[in-house]
1. It is to be established whether one or more residues within the range 194-212 are hydroxyl-bearing (Ser, Thr, Tyr), over 27 Å from Leu120 (Cα atoms) and surrounded by fewer than 23 Cβ atoms within 10 Å (Cβ to Cβ).
2. Which members of the range 121-137 meet the condition of being surrounded by fewer than 16 Cβ atoms within 10 Å (Cβ to Cβ), in a helix (DSSP H, G or I) and either at positive phi or among the β-branched types (Val, Ile, Thr) (or both)?
3. Report yes if some residue within the range 76-91 is under 14 Å from the mean Cα position of the chain (by Cα), buried (at least 16 other Cβ atoms within 10 Å of the Cβ) and not β-branched (Val, Ile, Thr); otherwise report no.
4. Going residue by residue through the range 127-139, is there one that turns out to be among the small types (Gly, Ala, Ser) and within 12 Å of His92 (Cα to Cα)?
5. Tell me the residue from Trp203, Trp291, Trp242 that is touching a Leu at 6+ places or on another chain (Cβ under 7 Å) and modelled with pLDDT of 95 or more, please.
6. Do we have any residue at all in the range 235-257 that's of a type outside the set (S, T, N, Q), touching a strand residue (DSSP E or B) at 6+ places or on another chain (Cβ under 8 Å) and surrounded by 13 or more Cβ atoms within 10 Å (Cβ to Cβ)?
7. Give the residue, chosen from Thr140, Thr98, that is under 15 Å from Asp182 (Cα atoms), of a type in the set (Val, Ile, Thr) and touching a residue at least 24 places away in the same chain (Cβ under 8 Å).
Amino acid sequence: MARILRRIALVIGLALAVLAVFGLGWIRSLRSETISRDVTCIFGLGGNVGVLRTSEGAVIVDTMTFRMQGERIRELAEELGGGPVQAVLNTHWHRDHTHGNPAFPPGTKIVATQRTLEHLRNRDADYWTGAAAGTLPNETFTDEHELRVGGKTIRAVHLGRGHTDGDMVVLFVEDRVLHAGDLFFNGRYPNIDLASGGSVKEWGDTLDRVLALDFDRVIPGHGPVSDRAGLIAFQRFIRQLWQVGADAAAKGQSLAEAQHSLALTADQGYEVMAIPFVMRLDRNFAIERAWQEATGAVKPDGK
């Protein structure tokens, strides 16, 4: 009997080891797509990463979910970007866009809005301890910040509330490519983080200001690379979503009644995003957030 138990334990141990190897390989698995002559998008488990090639090296936007991804992103960015990473920009505070930061050397220029830095320190403090604390954003701004790296101009702009209250967009000026971060979920139901100051109501107006920028191609926070028309289509969805929530609140409807409404039509073809053990981003989730904001059920910072 003891021999059988040992064999079972050995088989289970081997199976877990194989799963771990495949799991780690899956997490580190990345693919890239060329957007312009000097801009590449990297896709993987987490938010999309933008890489700008300059004569001095790479500039990247966002770092995905795990340090091991950040290591692979750094390696790939150095290949794609023509040299060492010169700067990292974090579009907002969520872990699927920032938790790869610790893979970069201490002292790396890391840019974000001041509000994003505050969220990282207050809402994600447990992660940013020890060595990781040295890769928090070290160059912050409120409205707009410009970098010049290797003959390229990078504009980081904070234009208002939407996904959170600290999201910025990043414009690679000469390449006319915009990294919109999670202000744009392309063909995906979005996360609306009301507790971090996000707003369905204000999101559409924020996108008006984004659309006033000069760009052709758009890297979304999640989903395939798009263009100005794709961003406008997402704005149409957001505005309709807010109307559904506002109408439900005005009529005194329950959340269930709002979710059963047929008024939301701009999400045709949208895909569900499931984050195991965390949340499921689907139609009901989106309507719930609009209803919560319209009825005052959730306030920023959980108040």
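The values are calculated or read from the model by the stated rules, or taken from the named source; none is laboratory data. These numbers were taken from a predicted model, which means no experiment stands behind them. Positions of Cβ are generated from backbone atoms using ideal geometry, with glycine treated the same way; all protein chains shown enter the neighbour counts.
1. No, the conditions are met nowhere in the range 194-212.
2. Gly130
3. Checked against the condition, which is being under 14 Å from the mean Cα position of the chain (by Cα), buried (at least 16 other Cβ atoms within 10 Å of the Cβ) and not β-branched (Val, Ile, Thr), the range 76-91 yields at least one hit.
4. no
5. Answer to the check: Trp291.
6. no
7. After applying the criteria, what remains is Thr98.
One line per residue, one yes/no per condition, for (1) on the phi > 0 side of the Ramachandran plot; (2) under 19 Å from the mean Cα position of the chain (by Cα); (3) in a loop (DSSP other than H, G, I, E, B):
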| residue | (1), (2), (3) |
| --- | --- |
| Leu147 | no, no, no |
| Thr153 | no, no, no |
| Asp167 | no, yes, yes |
| Glu174 | no, no, yes |
| Pro190 | no, yes, yes |
| Asp208 | no, no, no |
| Asp214 | no, no, yes |
